[in-house]
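Structure, as structure tokens:
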């Protein structure tokens, strides 16, 4: 009964997980939106002497689209150098303009807008945003150095997590924290130090109050293994009168994680150790689906004559249908039929076998299609039907899935997102035959990394890099 009351009281208090959106974030959003909208209005007024209805619709569309793209892709996040932020802003501005052009093309209204105004807006708008970004970056740095300063911090721990935390905090110029050293949690200070950072080991946990007073520590990070998390409560009580911020960093990275996150329900923190991006980022996945369908339609229209020529060439090269369909596992382990151009002679193999070097089953034109990955183009139909995505882990034959599931521990994690025509593994050279389990394990590592770090921006980068990785000596 007492526990129930405690949780009821907790749910009525302020949220445990608080939003910490900075004032800078809000200012940057407003400034960029105002810059682009005001600029477009001025250019239109100069050109036409008024702002017609179609341009007013464009302005509203631009505001909504720019806000969504910049927010989802994290263009306002403060990390890394100015050049990294400027590069990210440049790419996302190009994406914003391309989507506007695609909308105009699909709705057949692009002819009603001035190309001169659009080009001027694209160039001047980009320059203004870069200048504003540079000014705000510099202003924030000066303000922090002159008026805020950096708070002296201490890390409790001596393992890999503590070392990673030190490098992450002191390597991020946007954080006001400066880690001065470590204190060991589970051993004496004269034992061998496990951390590899340059910060010194200042003492043992039993000396922590003296260390805090001597170094004038304002914030303490607790970075200990899960096996020692039971000591956190005692340390919390011990430091109550030291006037320091106490921050617990759970070592959840000791577990196998997939798209992990932290949320809150009724004031209680929820740590998601394994979650599909499809359920965790619904807005982002919605835009991923829109991008998939839009790009597919455009590609199918543009490539139709080329695809038709390939169908004729395949039919003339050997007997059989132009297309080949095979059962494969997709999102959530669901089985679907994948489309490909037929690259082999008709044969009666009951067992699904990967193609090998000099495989006599491959037709002359099929060898070219496989080496260039053009045989994968019919999968645009799978994307259009919603069974696949443009970017994601490559789907494997059902028989291969059953085999590798027994040999690779996290193999089936690949199915937590829709499979793709291309993916992170493919642009990193993991293509073609996987005659060794280690080769497939490397692919799986890339696929899991993709799911863990998924974003619309990552999809765009993979799509841009894909044409440069289409040919490989490992594809037969």
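The table that follows gives values for the structure above.
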read-out: Residues (assigned to a loop (DSSP other than H, G, I, E, B), surrounded by fewer than 16 Cβ atoms within 10 Å (Cβ to Cβ) and touching a residue at least 24 places away in the same chain (Cβ under 8 Å)) located in segment 429-454; value: 429, 433, 435
read-out: Residues (under 15 Å from residue 401 (Cα atoms) and part of a helix (DSSP H, G or I)) located in segment 304-341; value: 331, 332, 333
read-out: Scan of segment 348-382 for residues that are modelled with pLDDT under 70 and surrounded by 15 or more Cβ atoms within 10 Å (Cβ to Cβ), ordered by number; value: 355, 359
read-out: So residue 416, is it farther than 28 Å from residue 98 by Cβ, surrounded by 19 or more Cβ atoms within 10 Å (Cβ to Cβ) and in contact with a strand residue (DSSP E or B) (Cβ under 8 Å, 6 or more places away or on another chain); value: yes
read-out: Among residues of segment 81-104, those that are loosely packed, with under 13 Cβ neighbours inside 10 Å and modelled with pLDDT under 85, counted; value: 4
read-out: Exclusive hit being surrounded by fewer than 17 Cβ atoms within 10 Å (Cβ to Cβ), under 22 Å from residue 382 (Cα atoms), in the same structural domain as residue 463 (by TED's automatic domain parsing) and at pLDDT 90 or above, set 299, 286, 310; value: 299
read-out: In segment 383-393, the residues that are surrounded by 22 or more Cβ atoms within 10 Å (Cβ to Cβ) and in contact with a helix residue (DSSP H, G or I) (Cβ under 7 Å, 6 or more places away or on another chain); value: 383, 388, 389, 390, 391, 393
read-out: When residues of segment 69-80 are limited to those that are exposed (fewer than 15 other Cβ atoms within 10 Å of the Cβ) and on the phi < 0 side of the Ramachandran plot, the one modelled with the highest pLDDT; value: 71
read-out: Search result, residues across segment 198-208 that are assigned to a helix (DSSP H, G or I) and buried (at least 16 other Cβ atoms within 10 Å of the Cβ); value: 205, 208
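The values are calculated or read from the model by the stated rules, or taken from the named source; none is laboratory data. All figures in this text were calculated on a predicted structure; none of them were measured in a lab. Here the Cβ is made from the backbone with ideal geometry for all residues, glycine too, and neighbour counts use every protein chain on show.
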